[in-house]
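K.L.:
The structure that follows is given in the form of structure tokens.
The values are calculated or read from the model by the stated rules, or taken from the named source; none is laboratory data. Source: prediction; values computed, not measured. All Cβ positions, glycine included, derive from the backbone under ideal geometry; neighbour counts span all protein chains shown. Please note that ligands, DNA and RNA were not included when accessible areas were found on the heavy atoms of the full protein model with its side chains. Shrake-Rupley method; radii C 1.70, N 1.55, O 1.52, S 1.80 Å.
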Amino acid sequence: MTPKINIWEGVYNSWEEAPGDDDAHEGKVWINKVTDRAQKALVAYRSNETVSLAALTQDYVLSVAGGMLLSSIKGDLCILDFGGGMGASYFPLISSVSHPEKVEFHIVEGKTICKRSREILGDFAKLHFHEQLPPLPRPVHIVHAGSSIQYIADWKGLLAEFADYRPRLLVLEDLMAGNIPSFITTQNYYGKKIRSWFLNINELIEEVQTLGYQLIYKSRYTHEILGEVGPLPMENFSPEYRLNYGSHLMFERMES
């Protein structure tokens, strides 16, 4: 019988205390998985189906949010996607809306992913890749972060930087957040260790509210891990630290 692998291990009070490999997101396995996902999305996008094979929400809400905003604005819809891989959310969005040519999409990613993305996806003139948060002309309509802010040591500072763009919507998806105390752990990833936050969801919501945003949508997100969909495999943690499901949260800017 194959021994069970713990996805996450340890409870730490500080980012520096938790063991982690800082090069994990530039590693071969991570990059290859992101590349493979992008190539499959590109094939799906170029399919000739009436409803494109890439028009999948997969429990992500960015496509719906983007489609609704696109119909209510003049000019292009500008989206900033933090940790967006090689267009993981871009292709479902442009495959779902009536005017994909009006979507300007900016992705913030690591150096290797940006380089490979420009090579593979150079045909998409309105898809841009940045190695750090870029200066963008107003307005930025949506800032999106899917399965990413938990990997940032100063997640509160990152949220403040998102708010500086003054987006109409702030969409945070696949958050490791729930009715648990906030803590840091390490994620085992194909021989690498990645520091990761698990957050108290009310603390997170209150932090975003202080930035001038109100919560307008929340839902659970069910993960597929090691081929299984269901509660997160956290049996190795004390009950108070166990999180069954991730969360999706959407916030709207409050008028000042």
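K.L.:
Label points 7 Å out from Cα along the Cβ direction at R46 and K74: separation in nm?
P.N.:
The answer from the label model is 3.7 nm.
K.L.:
State the extension gain, in nm to one decimal, for the chain segment bounded by Y190 and E119, taking 0.36 nm per residue of separation less the distance between their alpha-carbons. All intermediate terms of the calculation are to be shown ahead of the outcome.
P.N.:
On the way: separation 71, 0.36 × 71 = 25.56 nm, distance 2.60 nm.
Contour length minus the Cα-Cα distance gives 23.0 nm.
K.L.:
Could I ask something else about it? Give the relative contact order (percent, whole number) for the chain; include only Cα pairs under 8 Å separated by 6+ residues. Intermediate results must be reported in sequence, preceding the final value.
P.N.:
On the way: 459 pairs, mean separation 54.6, N = 256.
Here the relative contact order equals 21 percent.
K.L.:
Restricting to DSSP H runs of at least four residues, report the calculated mean residue ellipticity at 222 nm for the chain, -39500 (n - 2.57) per run over all residues, nearest 500 deg cm²/dmol. All intermediate terms of the calculation are to be shown ahead of the outcome.
P.N.:
Values: 6 runs with 63 residues, N = 256.
Per the formula, -7500 deg cm²/dmol.
K.L.:
Taking the simple approach of a point 7 Å from Cα along Cα-to-Cβ for both M254 and D36, what is their distance in nm?
P.N.:
Taking the two extended label points, one gets 4.5 nm.
K.L.:
For the chain, what is the charge dipole size about the Cα centre, in debye to the nearest 20, if Lys and Arg each add +1 at the Cβ and Asp and Glu each add -1 at the Cβ?
P.N.:
Details: 24 positive and 32 negative charges, 124 e Å.
For this selection, approximately 600 debye.
K.L.:
For the chain, which whole-number percentage of the solvent-accessible area (1.4 Å probe, protein heavy atoms only) is attributable to carbon and sulfur atoms? Can you show the working numbers first?
P.N.:
On the way: 6580 of 13220 Å².
Ligands and nucleic acids excluded, carbon and sulfur give 50 percent.
K.L.:
For V229, what accessible area in Å² do you get when you roll a 1.4 Å probe over the heavy atoms of the protein chains, rounding to the nearest 10?
P.N.:
Only protein atoms counted, so the area is about 100 Å².
K.L.:
What whole number of Å gives the distance from the Cα centroid of segment 111-126 to the Cα centroid of segment 153-210?
P.N.:
27
K.L.:
Would you rank E255, E224 by solvent-accessible area, highest first, keeping every protein chain in place and using a 1.4 Å probe?
P.N.:
Details: E255 160, E224 135 Å².
Output order, biggest surface exposure first: E255, E224.
K.L.:
Would you mind checking the pairs K40/K126; K28/K218; K102/K193; K111/K193 and listing those with alpha carbons more than 29 angstrom apart?
P.N.:
Values: K40/K126 20 Å; K28/K218 34 Å; K102/K193 40 Å; K111/K193 19 Å.
Over 29 Å Cα-Cα: K28/K218; K102/K193.
K.L.:
So how far apart, in nm, are the two label points at E9 and E235 if each is 7 Å from Cα heading toward Cβ?
P.N.:
1.7
K.L.:
Counting pairs of alpha carbon atoms under 8 Å apart in space and at least six apart in sequence, what relative contact order in percent does segment 165-256 give? All intermediate terms of the calculation are to be shown ahead of the outcome.
P.N.:
Numbers: 157 pairs, mean separation 36.3, N = 92.
Once normalised by length, the contact order is 39 percent.
K.L.:
A further question follows. Using the heavy atoms of the protein chains and a 1.4 angstrom probe, tell me the accessible area per residue for the chain in square angstrom. Before the final figure, lay out each step's value.
P.N.:
Working: 13220 Å² over 256 residues.
With all protein chains present, the chain gives 52 Å² per residue.
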